[in-house]
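Below is one structure; the comments refer to it alone.
Any read-out appearing in this document is the output of simple, stated calculations on the displayed coordinates, not a laboratory observation. It should be emphasised that the depicted structure is a prediction, and the values quoted were computed from it without experimental measurement. FYI the Cβ positions are ideal-geometry reconstructions off the backbone, even for glycines, and counts take in every protein chain you see.
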């Protein structure tokens with residue numbers, strides 16, 4: 001019903017923009033808008049209020065959004081005449097009928113379709129107040145417990161609002177390294193809340209969040225946070241969002257904008273109203289008796305319970321005792337828990353739930369499939385494992401070919417290319433994927449260096465991880481995991497395995513980046529270390545030189561840098577290189593010297609070159625290595641450049 005009313009509203013708005021624009025006509029229009037769907041249609045107060053607001057907003061922007069009166073095909077005064085060219089009648093082009101693809105049969109729904117709570121993903125730039133907003137809605141204080149004050153996990157929460165409605169929220173990290181997490185959050189959501197700080201404006205991760213929402217075709221509700229600060233400027237944020245292509249309500253669009261303050265807890269009621277209104281317009285429905293469709297948003301290993309997966313149910317109902325297959329892992333549901341750790345008898349649509357009973361840790365983003373028995377679960381799991389292993393080998397082959405240089409200059413340069421093997425352990429599966437992707441992003445063909453993640457897993461660093469690192473010559477990276485046990489630490493020291501443990505993504509990437517910079521061979525290049533000009537040419541003749549010819553000495557003056565006898569010498573005449581080779585002798589007055597500095601005169605003899613002329617330019621060429629450096633941008637993106 002809500003979708004029918006919304007469509008009718010848009011049609012009435014377009015028609016009203018070309019009619020009378022008086023406030024009386026708009027009020028009468030808003031009162032009669034509901035009659036288009038029948039006199040028995042009952043609308044919520046939120047939707048009625050939105051209809052009235054849309055009337056005045058569309059009317060204000062209608063003068064610039066209506067089509068011109070002469071828009072459309074023009075009527076010709078020569079009806080009946082056939083078009084001709086060069087005296088020949090033109091025949092209309094044949095109309096090609098597209099091949100109709102077979103329409104798949106509609107999905108058979110079981111049970112009654114009921115309204116389900118919306119899944120809302122909170123996205124935005126790092127440190128714009130996403131977790132603080134959720135804390136204000138839930139009346140908790142998770143933001144103060146985050147390492148480094150930033151979110152580094154994808155969390156799912158069910159929140160009971162003041163109005164009595166229930167909403168499911170996904171909190172996404174804002175750092176540039178967690179782009180895959182944000183994309184995964186946008187893929188399973190119904191509404192995206194785009195949090196923008198009023199004192200900072202639109203930032204790189206803000207644009208990325210808008211792109212993820214557009215790719216997933218998910219509506220956006222903008223929450224301008226930190227409006228309580230003196231330097232806040234919400235109007236500037238609106239202009240920046242409009243410049244990025246977001247159609248805000250203020251300019252006649254359909255994207256709602258709410259000004260809030262998460263710390264002062266102001267504007268939260270308006271944000272709740274906007275979310276409930278958007279959900280009512282979308283008319284979200286699902287059947288609890290349909291086939292189960294759930295998506296894993298995070299997975300981890302608990303010390304006492306084993307593998308655990310956090311999933312959001314989209315359709316159907318999960319119950320303890322069911323056999324499930326999640327990616328390449330399978331198991332029987334032992335228990336279902338909510339986000340407070342309390343056991344649940346079942347989990348219906350839009351409910352975030354923690355699944356206990358899997359045999360292994362699944363990948364974040366895997367779908368949950370319910371099967372009839374253990375035999376089917378084992379067979380499907382083994383089949384998926386073979387497919388995923390083949391895909392992993394293909395990706396590894398593509399990465400190796402992409403990192404290979406386009407041209408090589410001999411076996412010496414081939415031997416200089418180095419690889420850093422890394423073993424990643426993290427607290428949850430999604431973080432392990434994000435850290436692995438961020439470390440692989442440090443690979444750079446410019447510096448002949450690549451990062452190879454040999455293994456990425458969940459849980460603390462174990463004895464088997466140290467053994468694998470020793471066999472591969474890898475270093476171990478532990479992110480947000482417990483401190484290693486004494487035996488594991490002793491084994492790592494005996495094997496001389498470097499272990500890097502961090503809790504903040506900034507520090508981890510900086511540590512690994514500096515390690516790569518210190519070990520990278522750099523790139524070879526040449527530079528002009530000094531330049532001299534030939535002032536005179538001297539020829540030496542004597543006994544014993546008849547067979548070898550006369551020796552010519554170039555009398556030079558160093559005009560820039562310095563000349564060295566150990567470096568290559570280049571001879572230029574009128575800008576053209578005539579010779580490049582080693583130096584045979586370098587003298588100042590009658591003494592042999594190693595170097596001659598700027599402003600001094602010297603005598604120069606080259607091997608295999610005697611054709612000097614006054615005015616020639618002598619350059620001293622030095623072979624140097626340019627070392628790479630670790631670069632971190634303001635948005636958190638890191639790279640290694642040379």
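Remarks
- Span per principal axis, largest first, for the Cα atoms of segment 526-630 (Å): 62, 25, 24
- When each of 609, 330 is scored by the number of other beta-carbon atoms lying within 10 Å, the sequence from fewest to most is 609, 330.
- Relative exposure of 396, 340, 563, 276, judged by other C-beta atoms within 10 Å (fewest first): 340, 396, 276, 563
- Going from the residue with the fewest nearby Cβ atoms within 10 Å to the one with the most, 346, 450, 600 rank 346, 600, 450.
- Per residue, the convex hull volume that the Cα atoms of segment 293-382 enclose (Å³): 79 Å³
- Relative contact order for segment 524-626, counting Cα pairs under 8 Å that sit 6 or more residues apart, in percent: 40 percent
- Summarising the label geometry, the points placed 7 Å from Cα in the beta-carbon direction at residue 527 and residue 601 lie 3.1 nm from one another.
- For segment 472-520: relative contact order, % (alpha-carbon pairs under 8 angstrom, 6 or more apart): 42 percent
- Shape descriptor for segment 197-281: Rg over Rh equals 0.95 (Cα atoms; Rh from the Kirkwood inverse mean 1/r).
- Contact order normalised by residue count of segment 417-522, Cα under 8 Å, 6+ apart, percent: 32 percent
- For segment 321-356 versus segment 578-603, the gap between their alpha-carbon centres in whole angstrom: 81 Å
- Distance in nm between pseudo-label sites at residue 507 and residue 163 (7 Å out along the Cβ direction from Cα): 4.3 nm
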